[in-house]
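J.: Please find one structure pasted underneath; my questions will follow.
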Amino acid sequence: MSSPVPPNAERIHILGAGNLGQYLARGLTRQNPLHPVTLLLHRPSLLQDWESAGSAIECETNGQVDHTTGISVELIDGDEDGDGAAPGVDGSSGIKNLIVACKTYMTVPALRRVRNRLDEGSTIVFLQNGMGTTEEVTKQLFPSVSTRPAYWAGICVLGVSSKKPFSIIPTGIGHITLGPVGNTLSPDSTTNSTSSHSPSNFMIQQLVQTQDPTSTVVSPTDLRKAQLLKLVANAIVNPLTTILSCKNAQLLDHDSTVALIKVLIKEAGPVIRALLPHPHPTGSESDAVDFSDEKLLEYVLMVIRKTATNTSSMLQDARSGKRTEIDYINGFIASQGERMGHLCPNHAIAVAMVQRGESVRAEHLGSRFDFN
């Protein structure tokens with residue numbers, strides 16, 4: 001499927017051509033073919049895979065297969081300072097709209113290659129697991145607020161698998177919760193982020209109008225809360241399924257695993273509450289109640305049951321011999337806790353075990369973690 005693209009049409013670039021990046025490119029293109037989408041590829045082999053796939057993204061949904069064409073690709077082969085990067089396929093070197101859908105640990109190196117094509121007129125949407133990448137990007141790439149792009153972040157609720165390059169299998173229709181990060185936008189522009197009178201948020205408009213995935217825009221405060229909830233769930237499900245090499249539902253099969261879940265939440269709770277936009281006691285009572293250890297445990301158990309048959313992304317990465325995102329999940333909690341003077345030793349143990357590729361049986365968890 002493809003349509004002629006107007007010569008001056010505004011383009012959306014996607015950094016990260018994995019399953020999520022492909023899913024977004026497909027959805028945006030099918031929703032509005034007149035607004036071009038470019039997948040930024042970081043190695044030549046991906047370009048070869050793209051050509052072998054017929055320059056299209058194949059998607060299988062409920063046994064039905066479709067192919068989406070009309071998506072552009074660009075090999076970003078410049079050096080890590082962004083020098084030597086080829087001009088964009090839209091005829092200019094600038095990138096106005098960028099979705100970052102790569103792994104957390106690849107964010108700074110990948111963005112560094114296109115840094116010179118981004119400025120204060122650009123908008124970046126970070127769609128990733130874990131937390132801490134926006135702070136790293138600011139510190140290492142955009143320290144000056146006068147030239148820093150506007151940051152948005154999103155949480156995508158959907159599982160997307162793949163059986164071959166540029167062929168994806170979503171588990172359903174995904175949903176993205178979007179919001180501006182921190183104070184990068186004024187209150188007015190946050191409120192009107194989906195308005196057609198806000199050209200700087202063109203990309204947000206397109207995401208909201210797209211039907212698959214669907215998107216909802218929330219305030220920076222609500223975005224932060226949603227990020228922290230997902231962080232807690234990821235900090236339980238991802239490392240434990242990886243260490244135990246099991247499906248999500250199996251985390252509830254053993255008393256020792258359930259006990260460890262409670263220990264990890266007890267450690268993380270004070271850190272999570274301190275990271276709330278208005279932490280208790282200076283914040284509202286609802287913040288303290290919604291993010292109590294008991295409520296966090298209820299949320300994690302709900303996520304485990306809802307994704308019972310899933311294989312976590314961290315376990316998939318570990319089985320494939322890939323680096324995991326543990327540093328930006330449990331590692332983030334442990335480092336933030338240390339900064340606050342609240343140690344999280346069991347989260348640190350989880351980080352070390354996943355990094356070393358260690359696997360244990362559920363009944364032996366007590367010998368590796370401190371349940372006291």
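The values are calculated or read from the model by the stated rules, or taken from the named source; none is laboratory data. Please read all numbers here as calculations on a predicted model, not as lab measurements. Cβ atoms come from the backbone with ideal geometry, glycine included; neighbour counts cover every protein chain shown.
J.: Within segment 314-336, work out how many residues are within 17 Å of the chain's Cα centre (by Cα), of a type in the set (S, T, N, Q) and at pLDDT 95 or above.
T.: Residues meeting the conditions: 2.
J.: Could you pull out the residue among VAL37, VAL65, VAL108 that is exposed (fewer than 15 other Cβ atoms within 10 Å of the Cβ) and either in the same structural domain as PRO180 (by TED's automatic domain parsing) or at pLDDT below 95 (or both)?
T.: Step by step, each of VAL37, VAL65, VAL108 is checked, and only VAL65 is exposed (fewer than 15 other Cβ atoms within 10 Å of the Cβ) and either in the same structural domain as PRO180 (by TED's automatic domain parsing) or at pLDDT below 95 (or both).
J.: OK, next. Could you give me the residue pairs with C-beta distances under 8 Å whose first residue belongs to segment 221-250 and is in contact (Cβ under 8 Å) with a residue 12 or more places away in the chain and assigned to a loop (DSSP other than H, G, I, E, B), whose second residue is surrounded by fewer than 20 Cβ atoms within 10 Å (Cβ to Cβ) and aliphatic (A, V, I, L, M) wherever it lies, and which are 6+ apart or on separate chains?
T.: Correct list of pairs: LYS247/ALA308.
J.: Another question about this same structure. Tally the residues that are assigned to a helix (DSSP H, G or I), free of Cβ contacts under 8 Å to residues at least 12 places away in the same chain and over 19 Å from CYS102 (Cβ atoms), restricting the search to segment 132-174.
T.: 1
J.: Ok, one more. Just for segment 75-105: of the residues that are among the charged types (D, E, K, R) and surrounded by fewer than 19 Cβ atoms within 10 Å (Cβ to Cβ), which one is modelled with the highest pLDDT? Reasoning before the result, please.
T.: Pass one, segment 75-105, residues among the charged types (D, E, K, R): 77, 79-81, 83, 90, 96, 103.
Still in the running and surrounded by fewer than 19 Cβ atoms within 10 Å (Cβ to Cβ): 77, 79-81, 83.
Working: ASP77: 71, ASP79: 54, GLU80: 52, ASP81: 53, ASP83: 49.
Per the stated criteria, the residue is ASP77.
J.: Within segment 119-131, which residues are touching a helix residue (DSSP H, G or I) at 6+ places or on another chain (Cβ under 8 Å), over 20 Å from MET314 (Cβ atoms) and either assigned by TED's automatic domain parsing to the domain that holds ASN234 or not in a strand (DSSP E or B) (or both)?
T.: Once the filter is applied, which keeps residues that are touching a helix residue (DSSP H, G or I) at 6+ places or on another chain (Cβ under 8 Å), over 20 Å from MET314 (Cβ atoms) and either assigned by TED's automatic domain parsing to the domain that holds ASN234 or not in a strand (DSSP E or B) (or both), segment 119-131 yields ASP119, GLU120, GLY121.
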